[in-house]
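Colleague: Sending over a structure as structure tokens; questions will come in a sec.
The values are calculated or read from the model by the stated rules, or taken from the named source; none is laboratory data. Just so you know, these numbers come straight off a predicted model, no measurement behind them. A quick note on method: Cβ atoms are made from the backbone with ideal geometry, for glycine too, and the neighbour counts reach across all protein chains shown.
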């Protein structure tokens, strides 16, 4: 009897991620081969591929993600559904005096961490998200000063991981990344050697994850803004931390346009609604704007590697740390928990969790006990 081959290639990815609009355009499948391209936030298949098991499928954070397996590899324990994921410490943070002249968005913690990691040789280069006009574009930098040019928030989905794939092809081995939860989840898949290669080397030196509730579909965002302001005049876009419910658009003449987030949510990619991770749980370090304090960040340390870099960055004046206010931590746990429950409930209702049908791949896999607890 002929053994059945379970296919995990382009065709399965196309049918179950791209055609179902689960894709968030993270870039994990871009620049692996000539078959995929990203255009203005959309992932497109250019040519058919008949490989039964490909990296495009293996790296995708929207199909066959086994949370127990990933948590075991990165943190040495099964996935337990904690709203904030596995972590060692949570503090308030902002860029230190060594970087006092920079003008980052929010507290500058992300810029400070990547700047320090490059300066001290913990990473050989960093995959970041830059902008061309309003379009978010991947950028791989090897000079610490170039980190600062990418320091503003983008809020739109970007294929940042394509810069990682290209850097790996170019021979880089200690790569830094600043990414959203879906991008960080893809890095965890990359780091797990999913295709069981004998010569596998973890390409990442530091993964810094951003807090994210959702991203915006650029293809819808650009015309949405064009109806309200001349695109070429936009200099900065910001979403202040809660309790604010607005998106701010700053023009070159000092004007500021405020748009309700209720309008913005209408142009969020469908794939974001299934996401169960607000704080980039599979990163080394996670950073978000602190509620009520737009000049400060929340910093979550998850791994020994991340902790070492934070401790040295603080000691050398690149970071300033302080105690996280209890009320901020409580609300963060509440918000992250709510996102996890909403996304998981939707995915489960649509038969996308722990799927046993070979023809229909699961989006997520986790223990029955954790699934039951989170959806109760």
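Colleague: Just give me the residues in the stretch 219-229 being in contact (Cβ under 8 Å) with a residue 12 or more places away in the chain and more than 15 Å from residue 258 (Cβ to Cβ), in sequence order.
Modeller: Hits for the stretch 219-229 are 219, 220, 221, 222.
Colleague: Check off (1) in a loop (DSSP other than H, G, I, E, B); (2) more than 13 Å from residue 129 (Cα to Cα) for residue 159 and give me the number that stays unchecked.
Modeller: (2)
Colleague: When you check residue 121 against the structure, is it on the phi > 0 side of the Ramachandran plot, in the same structural domain as residue 208 (by TED's automatic domain parsing) and crowded, with 22+ Cβ neighbours inside 10 Å, yes or no?
Modeller: Criteria not met by residue 121.
Colleague: Separate question: Among the strands (runs of 3 or more DSSP E) confined wholly to the stretch 168-272, which include 2 or more residues that are surrounded by 15 or more Cβ atoms within 10 Å (Cβ to Cβ) and either outside the structural domain of residue 33 (by TED's automatic domain parsing) or modelled with pLDDT under 95 (or both)?
Modeller: 234-238, 246-251, 256-260
Colleague: Let me ask another. Considering (1) assigned to a helix (DSSP H, G or I); (2) in contact (Cβ under 8 Å) with a residue 60 or more places away in the chain; (3) within 21 Å of residue 178 (Cα to Cα), say which one residue 311 fails and leave the rest.
Modeller: The failed condition is (2).
Colleague: Still on this structure, I have one more. Give the residues of the stretch 42-54 that are touching a strand residue (DSSP E or B) at 6+ places or on another chain (Cβ under 8 Å) and either over 13 Å from residue 18 (Cβ atoms) or free of Cβ contacts under 8 Å to residues at least 60 places away in the same chain (or both), sorted by residue number.
Modeller: Across the stretch 42-54, the qualifying residues are 44, 45, 46, 52, 53, 54.
Colleague: With the structure loaded, tell me whether residue 330 is assigned by TED's automatic domain parsing to the domain that holds residue 70 and either crowded, with 17+ Cβ neighbours inside 10 Å or in contact with a strand residue (DSSP E or B) (Cβ under 7 Å, 6 or more places away or on another chain) (or both) or whether it fails that test.
Modeller: Criteria not met by residue 330.
Colleague: Checking the condition assigned to a strand (DSSP E or B), buried (at least 19 other Cβ atoms within 10 Å of the Cβ) and in contact (Cβ under 8 Å) with a residue 24 or more places away in the chain, which residue from 138, 83 passes?
Modeller: Checking each option against the conditions leaves just 138.
Colleague: On to the next question. Going by the conditions given, is residue 358 part of a loop (DSSP other than H, G, I, E, B) and in the same structural domain as residue 85 (by TED's automatic domain parsing)?
Modeller: yes
Colleague: What number of residues within the stretch 21-54 satisfy the criterion of being buried (at least 16 other Cβ atoms within 10 Å of the Cβ) and in a loop (DSSP other than H, G, I, E, B)?
Modeller: The qualifying residues number 16.
Colleague: Still on this structure: Report whether or not residue 344 is surrounded by 21 or more Cβ atoms within 10 Å (Cβ to Cβ), touching a helix residue (DSSP H, G or I) at 6+ places or on another chain (Cβ under 6 Å), in the same structural domain as residue 112 (by TED's automatic domain parsing) and part of a helix (DSSP H, G or I).
Modeller: yes
Colleague: Quick check on the stretch 72-80. Is at least one of its residues farther than 22 Å from residue 160 by Cβ, buried (at least 21 other Cβ atoms within 10 Å of the Cβ) and either in the same structural domain as residue 274 (by TED's automatic domain parsing) or touching a helix residue (DSSP H, G or I) at 6+ places or on another chain (Cβ under 8 Å) (or both)?
Modeller: yes
Table: residues versus (1) over 20 Å from the mean Cα position of the chain (by Cα); (2) over 30 Å from residue 241 (Cβ atoms); (3) touching a residue at least 40 places away in the same chain (Cβ under 8 Å); (4) not in a loop (DSSP other than H, G, I, E, B).
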position: 77; (1), (2), (3), (4): yes, yes, no, no
position: 87; (1), (2), (3), (4): no, no, yes, no
position: 98; (1), (2), (3), (4): yes, no, yes, yes
position: 111; (1), (2), (3), (4): no, no, yes, yes
position: 117; (1), (2), (3), (4): no, no, yes, yes
position: 121; (1), (2), (3), (4): yes, yes, no, no
